[in-house]
Amino acid sequence: MRTGLVSGLVEEAISRAYSVTKEEVARAHMVVGDLGLLAGAAARGEAGQLKIAPFRPVNSMLAEPMATPYEVAAHFGKEIYAEYKYDGVRVQAHKRGDEVRLYSRRLEDITASFPEIASSIRRAEGNFILDGEIVPFSGGRPLPFQLLQRRLRRTEGFKDAAKKVPVTYFAFDILYRDGEEKVGLALTARRSELSTLMKKVGDLAHSEIVRRAAEIQAAFRRSRELGYEGLVLKDPESSYTMGKRGSGWVKLKEELDTIDAVIVAAEYGHGKRAGRISDYTFAVRDGGALKTIGKAYSGLTDAEIREMTGRMKELTEEDYGYKRRVKPEVVIEVAFDSVQKSARHDSGYALRFPRIKRVRADKSVADIDTVDKVAAIFARQRLKSNEP
């Protein structure tokens, strides 16, 4: 039963219950990534003693999105690392002795889905935690992201899966090595240590030095031509801020297209958006019907979300508590990175990484796009898959 409780409230409860500062609780949560372990440690008075350790996954550092190379260049104002933005599964690789485990961004153990990656990492010496991306990859180029679903769902034997969907682990950071946390070091130091470690076990994520907007644009175009999503640009002096979008990392991606859709359902947000309706399920036309194609929760300003909250309440047709079905009147322009087949939405498609570009007050439901347009976008994608 969903109650809308978010981790920040649990952190606050632990702080009050065991007389631990909020800052100490937040830091400990980032280290253990598990509220149950955190609560137990706080009850024993050991929250401050928690450290990063193998087989205890932590929340990954995230990158802030930016729209143009000029914005990125102005943000940093110095030489930075430009890394390819891989379209795969974010994975922490943990090793202690001969044991290796792979954890997803949701902190789930997915080692069994990628035994060849675990075997490769096992060859490295020492104990460590790496951050990186598992990418479907063959012939020096990435394969469609959708193919990874076979591996994650375990729909076939691993030998057949490895042949049909070969994967590569691109490591881009190191969080821990032989008893020492590395997250507080500058990225330059972490990359140097990672480079030495990865010589024997796998692929180091591509990185180059850029500064000016023209250099960033050129690197971005090379990334896209090779089939990657774009760039992640990093401050060489940045530390690793677990579970946060620090200003030291930004991402630059290219929109595939935009569509006009109508909001048909809405949900309350979490964290700083708790109490506001900020997550919007949207649909396109299919003949005389509306078919859902995604959910967006980014792109609007705080002021726009406040205004939208009132509007969604006015348009509510059925209220389920945390979620409500609304009268289809609010048209939005949605940007996205790709289209994939989906059994979750009744349109048969889903938009990857949708974000609201603007509310189209000038348009009505009669003006929104159709499932046929979405199907046409899917068909022309340079890297596409018919995987359901």
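None of the figures in this text is laboratory data; all of them are computed from the coordinates on show. What you see is a predicted model, and the numbers here were worked out from it, not measured in a lab. Heads up, the Cβs are rebuilt from the backbone with ideal geometry, glycines too, and the neighbour counts pull from every protein chain shown.
One table, with the values for the structure above:
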quantity	calculated
Helix 302-315 vs. the chain, principal-axis angle (Cα, 0 to 90°, nearest 10)	50
Whether the stretch 73-156 is rounded, prolate or oblate, judged on the alpha carbon gyration tensor where a/c under 1.5 counts as rounded	oblate
All Cα pairs of the stretch 219-269, percent lying beyond 15 Å	66
Relative packing of 308-320, 209-221, 275-287, which averages over residues the other C-beta atoms within 10 Å, highest first	275-287, 209-221, 308-320
Electrostatic dipole magnitude of the stretch 231-375 [Cβ: Lys, Arg +1; Asp, Glu -1; Cα centre; debye, to 20]	480
Total charge dipole magnitude, the stretch 62-253, about the Cα centre, Cβ charges on Lys, Arg, Asp, Glu only, Debye to nearest 20	520
For q = 0.27 Å⁻¹, Debye-computed log10 I/I(0) when each Cα of the stretch 174-242 counts as one equal scatterer	-1.19
Computed Kirkwood radius, in angstrom, where 1/r is averaged over Cα pairs of the stretch 7-49	9.6
Options Met312, Ile263, Tyr322, ranked by Cα towards positive dipole end of the stretch 196-332, top entry (Cβ charges)	Tyr322
Student exercise, the chain dipole from Lys, Arg, Asp, Glu Cβ charges, in Debye to nearest 20	580
Fully extended contour minus Cα-Cα distance, from Leu37 to Asn127, at 0.36 nm per residue	30.2 nm
Helical mean residue ellipticity (222 nm; -39500 (n - 2.57) per DSSP H run of 4+; nearest 500) of the chain	-8500 deg cm²/dmol
Full-stretch length increase - Thr301, Arg221 - with 0.36 nm per residue and alpha-carbon distance subtracted	25.9 nm
The stretch 56-117: mean projected area of Cα convex hull, nm²	6.2
Helix 371-380 vs. the chain, principal-axis angle (Cα, 0 to 90°, nearest 10)	40
Principal axes of the stretch 244-388: Cα extent on each, largest first, Å	47, 40, 29
Which listed pairs, of Lys199/Lys251; Lys85/Lys363; Lys199/Lys234; Lys163/Lys291; Lys234/Lys373, have C-alpha distances above 31 Å, in listed order	Lys85/Lys363; Lys163/Lys291; Lys234/Lys373
Glu208-Ser119 FRET efficiency (beta carbon distance; Förster radius 30 Å; 0.05 resolution)	0.50
Relative packing of peptides 296-307, 37-48, 347-358 - highest average C-beta neighbours within 10 Å first	347-358, 37-48, 296-307
Fewest-first sequence of Phe76, Phe55 by Cβ atoms within 10 Å of each Cβ	Phe55, Phe76
Cα gyration tensor category, rounded, prolate or oblate, for the stretch 62-253 with a/c compared to 1.5	oblate
